[in-house]
Amino acid sequence: MGDKPSSGEILGIPYNFERPSLGRLLSSYWQPGKGMLVEKPFGIGYTLNLASWRSWIVLAVAGGLYYQQQQSGAAADFDEPDAADEDDGPVEVIVDDD
């Protein structure tokens, strides 16, 4: 049995399982001549190229949506009391068997 390749492509999706060096990590996220998506330095698939202005727009939109979700979640928790807080005491149930 031969050695399995640690980098390549499967169905058009790149993979790389070689141990990344610091230089390769930094250079893979900043590639000015490339598009918005570049190959990951480690793992399967693509990642954002931080040299592209489009990537910064994607990050800003994702951050804004996350912030909005956190704010609406905090407001919902503050406005709606829990079911345990609404407990007014015991409830008497009368069942009439006719």
Let a ≥ b ≥ c be the square roots of the eigenvalues of the Cα gyration tensor of the chain; is it rounded (a/c under 1.5), or, if not, prolate (a/b larger than b/c) or oblate? prolate
Once phi for every residue in the stretch 31-46 is put through the Karplus expression 6.51 cos²θ - 1.76 cosθ + 1.60 (θ = phi - 60°), the whole-Hz ³J(HN,Hα) values, with Gly and Pro written as x, are 10, x, x, 9, x, 6, 10, 10, 5, 5, x, 8, x, 10, x, 10
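Using 0.36 nm per residue, how much length does the chain from residue 46 to residue 6 gain when fully extended, once their Cα-Cα distance is taken away? Walk me through the numbers on the way to the answer.
On the way: separation 40, 0.36 × 40 = 14.40 nm, distance 1.63 nm.
Residue separation times 0.36 nm, minus the Cα-Cα distance, leaves 12.8 nm.
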Counting only DSSP loop positions in the stretch 1-46, the GluC sites (Glu not before Pro) whose Cβ has at most 15 other Cβ atoms within 10 Å are 18
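Please go through the stretch 34-70 and write out the chymotrypsin sites (Phe, Trp or Tyr not before Pro) that DSSP classes as loop and that have at most 16 other C-beta atoms within 10 Å. Please report the intermediate quantities before stating the final value.
Details: sites: 42, 46, 53, 56, 66, 67; in loops: 42.
In loop regions of the stretch 34-70 (DSSP not H, G, I, E or B), the sparsely surrounded chymotrypsin sites (Phe, Trp or Tyr not before Pro) are 42.
For residue 67 and residue 18, FRET efficiency with R0 = 30 Å and r from the beta-carbon atoms, rounded to 0.05?
Details: r = 36 Å, r/R0 = 1.22.
Calculated transfer efficiency: 0.25.
Every read-out reported here was derived from the displayed coordinates using simple, explicitly stated rules and does not represent laboratory data. Nothing here was measured: the structure is a model prediction, and the numbers come from that model. Cβ: placed from backbone, ideal geometry, glycine included. Neighbour counts: every protein chain shown.
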